[in-house]
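Heads up, the thing below is written out as structure tokens.
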Amino acid sequence: MTVDDLVPAPAAGGRAASAPLLGRDVEPTLFELSEPGRRAWQLRTTDVPEVPLDELVPAGHRRGAPLVLAEVSERDLVGHFTRLSHRQFSVDLGAYPLGSCTMKYNPKVCDAVAALPGLTGVHPAAPAVCTQGWLGLLVELEEVLCAITGMAAATLQPAAGAAGELTGLLLMRAWHEARGEQRHKVVIPDSAHGTNPASVTLGGYEVVTVPSDARGCIDVEALRSVLDEDVAGIMLTNPNTLGLFEEDIVAVADAVHGVGGLLYYDGANLNAILGVVRPGDMGFDIVHLNLHKTFATPHGGGGPGAGPVAVSARLAPFLPGPRPVRMGDAPDAPYGWSTPEQSIGRVHSWHGNALVLARALTYILVHGSDGLRDVAQLAVLNANWLRQRLTGSLDAPYDRPCMHECVLSASSLKRTTGVKALDVAKRLLEEGFHSPTVYFPLIVDEALMIEPTETESLQTLEALAAAVVRIVDDAHEPDGARRAQEAPHATPVRRVDEARAARHLVPTFDARPPG
Amino acid sequence: MSGYTPHTESDVAAMLGFLGLSSLDELFAAVPAALRLAAGLDIAPGRPEPDVFAHLEDLAAANRPCGRELVCFAGAGAYDHEVPPVTRALAGRSEFVTSYTPYQPEVAQGVLQALFEFQTLVARLSGVPIANASLYDGSAALVEAVNLGVAATGRQDVWLSHGVNPTWRDVLSTFAAGTGHRLHDVPLRNGTTDWSAVAFDDVGDPGVVVVAYPNFLGCLEDVAQARAVCDRSGALLVVAFDPVCAGILRSPGEWGADVVVGEGQALGMPLGFGGPYLGLFACTADHVRRLPGRLVGETVDAEGRRAYVTTLRAREQDIRREKATSNVCTNQTLMAVTAAIQLGWLGTSGMAEVALRSARGAHYCRRALLGVAGVEPLATAAVVREFGLRLPVGADLAVERLADEGFLAGVALDASYTDGRHDGLLVAVTERRTRAEIDAFVSAFDKAVR
């Protein structure tokens with residue numbers, strides 16, 4: 001036996017050690033860190049009789065091959081996921097100007113609320129007598145969301161924006177059907193988020209796309225030309241995905257209502273108009289909100305979100321049920337559940353992403369009417385400042401003030417240097433910023449969609465702008481295009497081979513090719 | 001201004017000056033004046049954090065949560081399993097909490113690798129090779145599975161076991177209004193699905209067959225019968241499984257499932273009044289190009305080092321738009337990361353132990369409750385963690401009486417499970433229930449159902 005036999009081999013795939021800040025080793029997977037016989041779990045002592053498995057589960061129902069997960073100690077588990085967290089950019093680390101996503105700071109008080117045992121410990125099927133606090137919370141949230149959007153009633157069930165969209169389209173369908181009408185088309189502008197057309201299809205409608213005009217807004221004449229009595233409604237984001245307010249919204253609303261259609265408001269960009277103007281006052285009938293965006297609940301690496309849908313009074317009878325309600329008019333009347341008469345039915349297993357809803361209520365109450373207006377004003381101020389600061393370095397395809405985000409273009413940069421929007425994004429990563437959204441909206445060539453949000457300071461905006469200017473300037477220097485195309489260097493991994501991931505699909509550890 | 005926005009008055013003045021504006025209101029010149037709110041929003045002005053927190057504490061105090069207030073015997077898709085401090089601590093790391101969908105993989109390897117590990121763990125639990133990076137909840141996963149099955153077979157008739165969670169069936173029915181899928185209810189007999197009750201000739205060949213394992217009543221279905229229906233008709237088999245019971249049960253993959261869906265709440269999430277939970281979705285390799293939601297794949301970076309990225313993106317709504325396989329964008333990533341941590345904590349032995357201990361508790365509790373005068377079993381089929389009873393009094397009444405005694409006794413069953421009567425109660429027992437708690441529950445139960 002040699003010393004080598006006594007020293008364990010390092011976990012395959014990298015160094016399962018500390019010091020992630022000192023090297024750029026890959027982190028082994030949980031499965032490579034696993035050592036048979038290790039464990040982290042500890043369970044309560046119960047004194048329940050220890051009946052063997054074969055007396056509990058008939059043979060034909062027992063697992064054939066034993067289930068193998070990973071076997072690690074609690075210390076190794078903590079090391080692994082902490083090192084993974086060190087390989088992850090986040091709002092708490094720095095500016096995250098990812099357009100359309102509203103990556104604002106997430107107040108920590110909301111984390112504390114979402115951890116209150118009186119909220120986390122409540123079973124969703126517990127009788128209403130045990131859940132009065134939750135029911136009151138949901139009713140209060142519904143009321144403030146209606147006040148913010150100018151609507152009459154809301155459902156809190158949809159778990160994210162796209163779920164809200166589909167819920168809204170089913171409300172639209174139910175409303176038309178209750179009037180004895182079968183309509184088949186829903187209009188969306190060409191600047192819409194991809195979720196809009198996907199939701200329209202799932203709602204059983206056909207998508208009719210209308211173009212934007214030279215000013216970046218919906219072309220009202222083109223809209224009128226597609227409107228007829230087969231149009232169930234229109235889905236609009238306002239401000240739209242170019243960050244521009246649809247100035248002709250009243251004309252759009254009149255035209256759509258004129259053929260008996262409904263207006264659906266995609267709340268993705270609601271942050272821009274909080275306390276300034278309400279979708280209900282613009283003529284919208286159905287509104288979804290993205291609480292993880294507008295009310296910072298936060299984003300969780302890609303959810304959980306929450307996508308409540310608020311509606312005008314004429315659509316309230318169709319809302320999903322059961323709804324939390326106060327049972328009577330007395331101020332101390334208890335809360336309970338009620339399902340609207342013509343409800344489209346449930347859209348969630350329970351009552352929505354409840355703990356996310358509690359976070360949103362907290363955020364709204366701290367801000368209040370004055371604070372929410374500040375949010376919109378400062379978000380729009382920050383976006384316009386960046387837009388003006390960067391115009392010249394990048395193209396501004398729509399030469400007019402923006403709302404909460406601006407869409408710039410690397411089109412000229414690409415033509416003169418070969419450096420694309422994607423390269424600018426990758427270089428920004430090694431400057432310490434998350435990149436803007438790139439290549440969206442689809443109607444802008446080499447788009448960079450920048451949404452700084454209201455929580456970034458002037459100093460941060462200037463640092464971001466200076467980084468973009470530096471990147472653009474360097475692209476014009478000798479060998480600059482190569483430097484941009486090889487970026488990033490300073491990130492946990494370099495540019496990732498996406499084509500290979502799709503061509504040689506490895507979606508699990510067990511699908512890895514041998515060796 | 002709140003403490004979250006950094007702008008000083010002089011910052012605002014300087015920024016407005018840079019833009020050639022004299023007031024913040026001028027930023028909104030594009031908004032027609034007639035539409036603008038003159039008096040602001042009709043909600044209260046902002047309040048300091050401590051005041052608002054106290055209000056939320058008051059609301060929380062008006063609930064009776066499980067724990068010291070109520071000993072939990074309720075399930076029906078939401079279970080009181082152990083969530084250790086280490087899971088909460090790691091899942092609460094702000095790098096996971098305050099990031100977004102990993103569009104820039106070079107700075108998102110943390111979330112991407114955690115999702116890759118999650119996908120691996122779900123694939124192993126479900127027994128099929130591909131799992132996505134999560135959906136909203138169990139019902140959303142079922143809706144997507146049915147959409148996949150219909151797209152794969154081109155047939156919109158869905159045979160849906162009555163043993164599938166009734167709220168999931170409600171959600172499926174809601175969304176069928178848009179897709180036009182035709183749902184056919186297949187009844188239960190003695191707790192498990194009676195496939196012979198559907199006359200093939202009357203409803204035509206199904207495109208999708210859905211069965212739950214264990215089913216809503218806690219009973220173990222003979223999934224082979226559902227598989228046989230699929231083999232005869234060419235339908236896809238969707239199995240709604242329970243990831244905890246999967247620690248000891250034959251996996252859906254071993255039963256021949258094409259698509260596996262489940263509710264992942266039991267993998268590290270608190271009861272939380274129903275959300276956020278975790279939709280589990282897995283399938284055989286044949287269907288990967290119709291997979292809904294995000295999928296993470298392993299690849300390499302420019303230096304050949306292992307790296308992770310979201311892949312097969314051409315399925316998704318932001319690229320395929322109206323032809324996408326699903327409209328999902330934001331899903332439940334933080335819950336998937338939480339589940340990966342929780343499954344890492346449990347590991348091979350802990351997963352089996354939780355399932356085994358839950359089954360022991362459930363069997364012990366069931367036998368004792370069946371000794372209470374007037375209490376009958378809802379079915380005699382084998383159960384694991386959850387079981388149905390018929391009571392000599394209304395189930396709602398029994399639940400309210402037992403809440404007064406400090407027990408959340410279970411979930412009152414829809415009358416469709418009990419011949420139109422409202423005397424059915426669904427009781428769940430997890431590994432957290434002690435013998436002393438169960439014994440005290442049985443004593444209180446004896447008084448409550450008189």
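Listing for the model above:
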| quantity | calculated |
| --- | --- |
| Residue that is nearest to B:Gln332 (Cα to Cα) [pool: residues in the stretch B:100-133 that are in a loop (DSSP other than H, G, I, E, B) and touching a strand residue (DSSP E or B) at 6+ places or on another chain (Cβ under 6 Å)] | B:Ala133 |
| Tally of residues being farther than 25 Å from A:Gly164 by Cβ, modelled with pLDDT of 95 or more and either touching a helix residue (DSSP H, G or I) at 6+ places or on another chain (Cβ under 8 Å) or of a type in the set (Gly, Ala, Ser) (or both) across the stretch A:214-229 | 4 |
| Wholly within the stretch B:262-310, strands (runs of 3 or more DSSP E) carrying at least 1 residues that are modelled with pLDDT of 95 or more, within 28 Å of A:Thr120 (Cα to Cα) and in the same structural domain as B:Phe241 (by TED's automatic domain parsing) | B:279-283 |
| Residues within the stretch B:244-264 that are closer than 11 Å to B:Phe281 by Cα and within 11 Å of chain A (Cβ to nearest Cβ), tallied | 1 |
| Residue match in the stretch B:223-230 (condition: within 20 Å of the chain's Cα centre (by Cα) and of a type in the set (S, T, N, Q)) | no |
| Among (1) within 16 Å of A:Leu166 (Cβ to Cβ); (2) assigned to a loop (DSSP other than H, G, I, E, B) - the single one A:Leu315 does not satisfy | (2) |
| Boolean, A:Gly99 is under 22 Å from A:Pro492 (Cβ atoms) and more than 7 Å from chain B (Cβ to nearest Cβ) | no |
| Only listed residue being within 9 Å of chain A (Cβ to nearest Cβ) and free of Cβ contacts under 8 Å to residues at least 12 places away in the same chain, chosen from B:Val122, B:Val171, B:Val107 | B:Val107 |
| Test: residue in the stretch B:72-83 that is more than 7 Å from chain A (Cβ to nearest Cβ), among the charged types (D, E, K, R) and touching a strand residue (DSSP E or B) at 6+ places or on another chain (Cβ under 6 Å) | yes |
| Criterion: of a type outside the set (Gly, Ala, Ser) and buried (at least 20 other Cβ atoms within 10 Å of the Cβ) - qualifying residue of A:Leu138, A:Leu93 | A:Leu138 |
| 1 or more residues closer than 25 Å to A:Glu246 by Cα and either acidic (Asp, Glu) or touching a Leu at 6+ places or on another chain (Cβ under 9 Å) (or both): qualifying strands (runs of 3 or more DSSP E) within the stretch A:323-412 | A:406-409 |
| Within the stretch B:311-348, tally of residues that are in contact (Cβ under 8 Å) with a residue 40 or more places away in the chain, of a type in the set (Gly, Ala, Ser) and not in a helix (DSSP H, G or I) | 1 |
| Selection within the stretch A:451-502 - under 30 Å from B:Met15 (Cα atoms), facing another protein chain (nearest Cβ under 7 Å) and not small (Gly, Ala, Ser) | A:Glu454, A:Thr455, A:Leu458 |
| Pairs with Cβ under 7 Å, 6+ apart, first in the stretch A:361-379 and over 18 Å from A:Leu137 (Cα atoms) and modelled with pLDDT of 95 or more, second crowded, with 23+ Cβ neighbours inside 10 Å and among the acidic types (Asp, Glu) | A:Val375/A:Glu454; A:Leu378/A:Glu454; A:Ala379/A:Glu454 |
| Residues (surrounded by fewer than 23 Cβ atoms within 10 Å (Cβ to Cβ) and basic (Lys, Arg)) located in the stretch B:280-336 | B:Arg289, B:Arg290, B:Arg305, B:Arg306, B:Arg313, B:Arg315, B:Arg320, B:Arg321, B:Lys323 |
| Candidates A:Gly328, A:Gly300, A:Gly307, A:Gly352 - the one that is without any contact (Cβ under 8 Å) to a residue 12 or more places away in the chain and crowded, with 24+ Cβ neighbours inside 10 Å | A:Gly300 |
| Criterion (more than 7 Å from every other protein chain (Cβ to nearest Cβ) and at pLDDT below 90) met by exactly one of A:Pro20, A:Pro52 | A:Pro20 |
| Hits in the stretch B:1-17 - residues which are surrounded by 17 or more Cβ atoms within 10 Å (Cβ to Cβ) and among the small types (Gly, Ala, Ser) | B:Ser2 |
| Which numbered condition B:Gly374 misses (of (1) outside any helix (DSSP H, G or I); (2) at negative phi) | (2) |
| Check on B:Thr325, β-branched (Val, Ile, Thr) and farther than 30 Å from A:Leu291 by Cα | no |
| All strands (runs of 3 or more DSSP E) inside the stretch A:128-221 with 3 or more residues being at the interface with chain B (Cβ under 10 Å from one of its Cβ atoms) and under 30 Å from B:His181 (Cβ atoms) | A:206-210 |
| Whichever residue in the stretch B:54-80 is surrounded by 20 or more Cβ atoms within 10 Å (Cβ to Cβ) and charged (D, E, K, R) and, among such residues, is farthest from B:Gly275 (Cα to Cα) | B:Arg64 |
| Contacts under 9 angstrom Cβ, first residue in the stretch B:352-370 being outside any helix (DSSP H, G or I), partner charged (D, E, K, R), 6 or more apart | B:Leu370/B:Glu376 |
| Checklist (1) closer than 14 Å to A:His80 by Cα; (2) part of a helix (DSSP H, G or I) applied to A:Ala40, failing item | (2) |
| Test: A:Leu429 is more than 18 Å from A:Thr455 (Cβ to Cβ) and either part of a loop (DSSP other than H, G, I, E, B) or within 11 Å of chain B (Cβ to nearest Cβ) (or both) | yes |
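Residues checked against (1) outside any helix (DSSP H, G or I); (2) at pLDDT below 95; (3) of a type in the set (S, T, N, Q):
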| residue | (1), (2), (3) |
| --- | --- |
| B:Asp201 | no, yes, no |
| B:Asn215 | yes, no, yes |
| B:Glu221 | yes, no, no |
| B:Ala224 | no, no, no |
| B:Arg227 | no, no, no |
| B:Leu237 | yes, no, no |
| B:Pro243 | yes, no, no |
| B:Ala246 | no, no, no |
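A quick yes/no check of all residues on (1) crowded, with 20+ Cβ neighbours inside 10 Å; (2) more than 30 Å from B:Glu263 (Cβ to Cβ); (3) at the interface with chain A (Cβ under 7 Å from one of its Cβ atoms):
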position	(1), (2), (3)
B:Leu19	no, yes, yes
B:Ala33	no, yes, no
B:Asp42	no, yes, yes
B:Val52	yes, yes, yes
B:Pro85	no, no, no
B:Ser99	yes, no, yes
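The values are calculated or read from the model by the stated rules, or taken from the named source; none is laboratory data. Values in this document were obtained by computation on a predicted structure and should not be read as measured data. Cβ: placed from backbone, ideal geometry, glycine included. Neighbour counts: every protein chain shown.
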